[in-house]
Amino acid sequence: VVKAFEMEIIPAERVVAQIGDTLILTCNTTGCASPSFSWRAQMDNPLGGKVSKHRTYSTLTMNPVSIVNSHLYICTVICDEKEKKEKKEKDVKVELYSFPSDPIIEIKLSLVAGEPATVICKIPDVYPSDRLEVLLKKDEHVLHREDFLQEGSTNTETKIVTYTFHPMAEDIGKEITCVARLPIANMDFEPKERTSSLKILNANFGPQNTIITASPGISPMEGDSLNLTCVTQSNPPPQIVWSKYLAKESIQHLIKNNVLSIPHVHFNDSGLYICEVINLVTNKTEKATVDIIIQGAPVITKLSIEPSTIVQEGENVSIQCSAESNPPPKIILRRKSNNADMGPYSDRGILLPSVTFQNGGDYECVAENKFGNSRSEITLNVKYGPKNTKITVIPTNALKEGETVTMKCTSSGNPAPVISWNKKKATGESEKISKNSTLTIQNLKSQDLGLYECEAYNQFGKEEKAVKLYIQARLEEQDQMIALIIAFSSVAAVAVPAVAILIYVSRQAKINGSYSLVKALRLKV
């Protein structure tokens, strides 16, 4: 089936375009393999566009559309095939408008209510401007109406409407609206109405009636968030500066904002806060204050030992504790002990003049109020030389020759004393025989007899004790030797004076041996 030669223009008959946009007219054919196309404007006006030809259609592109494109455009197509030549034409009318943006509104205001104010409304790039209608409104009340019917237009124009009125104080905050309409009959486009608004801010006043609101309140709990809002009446909006009174009437400047926010309040956030409101136009200033009191359980802020937690015996020591809370805390400072007697006790501080080793240990500070309590500990470490050095001899009863004798030396001190044993020679010199606290003599013999010295030593001093071993007599029965321990003790650093002589005899015997150190049972004390 052979199709008949036909043509069409897209869009057909009539098209509405906005100046500045892009418009494409298409001339399309069917039933002709190689048509030829031509475009022209009515009255031989310039095309004002670019023609593109394809095998079965042709386009006329106007980019951008301008006022010269407001014409009737005709597309002519000739089909010359099989000795038959056909010609067809169709046209389309291009109608133009321009309404590209909302009005621009300005208000020239006085600084005093009741004085003249001028409203200026600009409607940019309108075409055709003789169809333009403009309304000026205060809220819903029409102030002014204007049209441009008497003005012909051959291109886009910016139209300006000016109106003067006298705003009053009650007009503050109301809107002035410029409504621009382009109602062109039989022309389908959107929008045909554009508006812009501006609030009336003509009267400058204030600041006045300035107050501070606190959320959740002026006495929040420690750790809560706190928001302080400064509320005032002022036009134009004022500059707001927050500050806080510190000690000695000094002021700490905080932020420039109407809301002062503290995410987690602490006790040191308590104080008097000032909101200062400044109107830079009226040159007026107003202040408001609020006293914030942070409540909560005590927090111990200081627990210290002076001059140090490690001291030497004899130094003066001060232990201090402080805490903060609201309401104020009750503070107890005491020495911890497993005994009923807690030792030194005070409400805030303990003074230990000429400290002794008995004062060393853990000290506890307790702070409490109705919201709870807080505890903290500190340790006083007192360094001192050896004390209470003593020697223990095992066994404690009479010794027999050949037995084992154990002598143990103990001493207290901080740091723990180093203990060593010396034995006096016949020449009077001392010989170091052990660096252990326990000295053991096995298979006791006569050469083991003599004076033994225990020495306790650390960096803060030295203390000595001594013990003397004697063999006193041989008993008749069983040829047993009975050793008597005579202990001499001293605290002196070098000399070892006699303190006590202990003589124990297991049973009365008749002396028949060869020892001549002493006569049996006749030893003088």
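The values are calculated or read from the model by the stated rules, or taken from the named source; none is laboratory data. Because the structure is a prediction, the values reported are computed rather than measured. Don't worry about glycine lacking a Cβ; one is built from the backbone with ideal geometry, like all the others, and counts go over all protein chains shown. Only protein heavy atoms, including side chains, enter the accessible area calculation; ligands, DNA and RNA are left aside. Shrake-Rupley method; radii C 1.70, N 1.55, O 1.52, S 1.80 Å.
Hey, any idea what % of the range 210-352's accessible area is carbon plus sulfur with a 1.4 Å probe?
Ligands and nucleic acids excluded, carbon and sulfur reach 50 percent.
I'd like to compare 293-299, 83-89, 310-316: which one has the highest average count of other Cβ atoms within 10 Å, and what's the full order after that?
Descending mean neighbour count gives 293-299, 310-316, 83-89.
Between their Cα atoms, which of 50/90; 408/468; 174/256; 93/159 are more than 21 Å away from each other?
Beyond 21 Å: 174/256; 93/159.
At residue 293 and residue 269, where each label point lies 7 Å from the Cα along Cα→Cβ, what is the point-to-point distance in nanometres?
1.8
Given a 1.4 Å probe, how much area per residue of the range 6-97 is accessible, in Å²?
Accessible area per residue, the range 6-97: 57 Å².
Can you pull the one-decimal nm distance between simple spin-label points at residue 404 and residue 330, each 7 Å off the Cα toward Cβ?
Placing both labels 7 Å along Cα→Cβ, they lie 6.1 nm apart.
Where Rh is the Kirkwood radius over the Cα pairs of the range 385-469, the temperature 4 °C and the viscosity 1.567 mPa s, what D in µm²/s does Stokes-Einstein return? Provide the component values of the computation, followed by the final result.
Values: Rh = 13.3 Å.
Once the numbers are plugged in, D ends up at 97 µm²/s.
Just subtract the alpha-carbon distance of residue 213 and residue 348 from 0.36 nm times their residue separation and send over the number in nm, one decimal. Working shown, then result.
Working: separation 135, 0.36 × 135 = 48.60 nm, distance 3.78 nm.
Stretched fully, the residue 213-residue 348 segment lengthens by 44.8 nm.
I'd like the trypsin sites (Lys or Arg not before Pro) in the range 23-76 restricted to DSSP loop residues with at most 12 other Cβ atoms within 10 Å, sorted by number.
55
How much of the accessible area of the range 1-123, in percent, comes from carbon and sulfur atoms when a 1.4 Å probe is used? Can you show the working numbers first?
On the way: 3470 of 6940 Å².
Carbon plus sulfur share of accessible area: 50 percent.
With a 1.4 Å probe and every protein chain left in place, work out the accessible area per residue of the range 385-469 in Å², rounded to a whole number.
I get 53 Å² per residue for this part.
Given the C-alpha atoms of the range 1-141, compute the convex hull and give its volume per residue in Å³.
Taking only Cα atoms, the range 1-141 has a hull volume of 144 Å³ per residue.
Which value, in Å², gives the accessible area per residue of the range 296-383 when a 1.4 Å probe is used on the protein heavy atoms?
Accessible area per residue: 53 Å².
In whole Hz and in residue order, list the ³J(HN,Hα) couplings for the range 357-365 that follow from phi through the Karplus curve 6.51 cos²θ - 1.76 cosθ + 1.60, θ = phi - 60°; x for Gly and Pro.
Couplings: 5, 5, 7, x, x, 8, 10, 10, 10 Hz.
Are there any trypsin sites (Lys or Arg not before Pro) in the range 354-443 that are in a DSSP loop and have at most 10 other Cβ atoms within 10 Å? List them by number.
Sparse-neighbourhood loop trypsin sites (Lys or Arg not before Pro): 370, 435.
Seen from all sides and averaged, what is the projected area of the convex hull of the Cα atoms in the range 296-383, in nm²?
Dividing the Cα hull surface by four gives the mean projection, 5.4 nm².
Can you send over the carbon and sulfur percentage of the accessible area for the range 385-469, probe radius 1.4 Å, protein chains only?
45
Suppose the chain between residue 33 and residue 459 were pulled fully straight at 0.36 nm per residue; how much longer would it get relative to their current alpha carbon spacing?
The span from residue 33 to residue 459 would gain 141.3 nm if fully extended.
Ranked from highest to lowest mean number of other Cβ atoms within 10 Å per residue, what is the order of the peptides 457-466, 121-130?
121-130, 457-466
Which trypsin sites (Lys or Arg not before Pro) in the range 199-281 sit in a loop by DSSP (not H, G, I, E or B) and have at most 14 other Cβ atoms within 10 Å of their own Cβ?
256
Only residues of the range 199-229 count here: report those whose backbone N is under 20 Å from the spot 7 Å along Cα→Cβ of residue 164, or say none.
Label zone hits: 200-203.
Give me the number: length gained by fully extending residue 143 to residue 315, i.e. 0.36 nm times residue separation minus the C-alpha to C-alpha distance, one decimal in nm.
Working it through step by step, the gained length comes to 52.6 nm.
5 Å is the cut-off here: which amide hydrogens, built 1.01 Å from N in the peptide plane, fall below it relative to residue 434, excluding neighbours closer than 5 in sequence?
421
What FRET efficiency, computed as 1/(1 + (r/R0)^6) with R0 = 22 Å and r the Cβ-Cβ distance, is obtained for residue 390 and residue 447, rounded to the nearest 0.05?
0.25
Using unit Cβ charges (K, R positive; D, E negative) and no other charged atoms, how large, in debye to the nearest 20, is the dipole of the range 104-203 about its Cα centre?
Numbers: 12 positive and 17 negative charges, 31 e Å.
I would put it at about 140 debye.
Pairs of alpha-carbon atoms within less than 8 angstrom and 6+ residues apart define the contacts here; what relative contact order does the range 385-469 have, in percent?
35
Just need the relative contact order of the range 95-236 here, percent rounded to a whole number, with Cα pairs under 8 Å and 6+ apart.
24
Return a whole-number percent for the relative contact order of the range 296-383, with Cα pairs under 8 Å and 6 or more residues apart as the contact set.
Reported relative contact order: 37 percent.
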